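First up is the structure itself, then whatever we jot down about it.
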Amino acid sequence: MLRWFGYIVLTLAVIGAAAYYWLIVDGSGPSGAAYAIDMNEVRTLANTAQGDKPSEIRMERIAAFKMPFTAMVAGESWKEVDVPVYSFQVNFPSAAAIVIDAGIDGVQAEAEKNPTFDAAAYARMQTAMITAGNIVITHEHPDHIGGITAAPSLTQILPQVRLTKEQVDHPEKMFGLKFPDGALKDYTPLTYEKYHALSAGVVLIKAPGHTPGSQMVFVQLTDGREYLFLGDIAWRFESVERVRTRARFVSWWFLGEDRDAVMNELAELKRIHDAEPNLIMVPGHDIDHMAKLAAKNAFAGTFK
Ligand SMILES: [Zn+2]
């Protein structure tokens, strides 16, 4: 009897360990050539669009949450790490700016766990969106679209907002956020296949997986520096360097994302990073990588 009890406990322990490994630790998945970016084509598009290229990129940290490291990159520790929420302003010598990602507003931030919300940064971003020529989001999650749905001047900024068809078609990915009634009634979303030149030097790259409407943003400045905004394909840069994504538990339970698609994209980003280490990759929520980029003066300061 005692022996059978021992077997049952052992079996449960093995199942528990396997489940723990599968749901929390394992960051593996397919890493084939199922997703590819043709950087030559992206650069050609960036250089054939009309007008001056951008001259600088500015950034705001709108808020910060906390999350266990292993939730962000499977297999890391349970240590809580900061999860900052950013917005970026791409500035041109003469043309109107492009805003990439609009963060989250204070009311939404309060509903989350342990947020720090920077009201001044949020206000600068809202002001910048009014005069921007284009406003794009890397995907339709609340911490990227929230500053648009809650914008005090929504009717003024909406003509500049380039939501893609996939982003508009998946409001369930806004996890409860809503545009004011009728706000999108006459809205024409952006449709494109693989790449779209938003302006000289700025190209959108479709990358569904984390959400159906996920896209990356390539930026080439007048001084030759190049950036690739990854959105939340990678929350942390370790996901690119190690081709490891979020814990399955997070991908499936919280996000409902296409994890295999994300893994294929990470494999391609790793290939590009190895081939072109000078291309500045900007992950969605990586406080340590952003500090390294700031030390290299990748960003010109807060919004102007
Ligand atoms: Zn995010």
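When you look at Leu293, is it part of a helix (DSSP H, G or I) and farther than 19 Å from Gln89 by Cβ, yes or no? No; evaluated as a whole, the condition is false for this residue.
The condition of being of a type in the set (Gly, Ala, Ser), in contact with a helix residue (DSSP H, G or I) (Cβ under 7 Å, 6 or more places away or on another chain) and in contact (Cβ under 8 Å) with a residue 60 or more places away in the chain holds for only one of Gly133, Gly106, Gly146, that being Gly133. The sole residue among Ala97, Ala63, Ala128, Ala151 that is surrounded by 20 or more Cβ atoms within 10 Å (Cβ to Cβ) and within 30 Å of Arg242 (Cβ to Cβ) is Ala63.
Residue-level check: of (1) under 15 Å from Gly146 (Cα atoms); (2) surrounded by fewer than 20 Cβ atoms within 10 Å (Cβ to Cβ); (3) among the small types (Gly, Ala, Ser), Ser87 misses just (2). Of the residues making up segment 281-304, those that are touching a Lys or Arg at 6+ places or on another chain (Cβ under 7 Å) and either modelled with pLDDT under 95 or more than 16 Å from the ligand (Cβ to nearest atom) (or both) are Phe299, Ala300, Gly301, Thr302, Phe303, Lys304.
The values are calculated or read from the model by the stated rules, or taken from the named source; none is laboratory data. No experiment lies behind these values; they were computed from the predicted model shown. All Cβ positions, glycine included, derive from the backbone under ideal geometry; neighbour counts span all protein chains shown.
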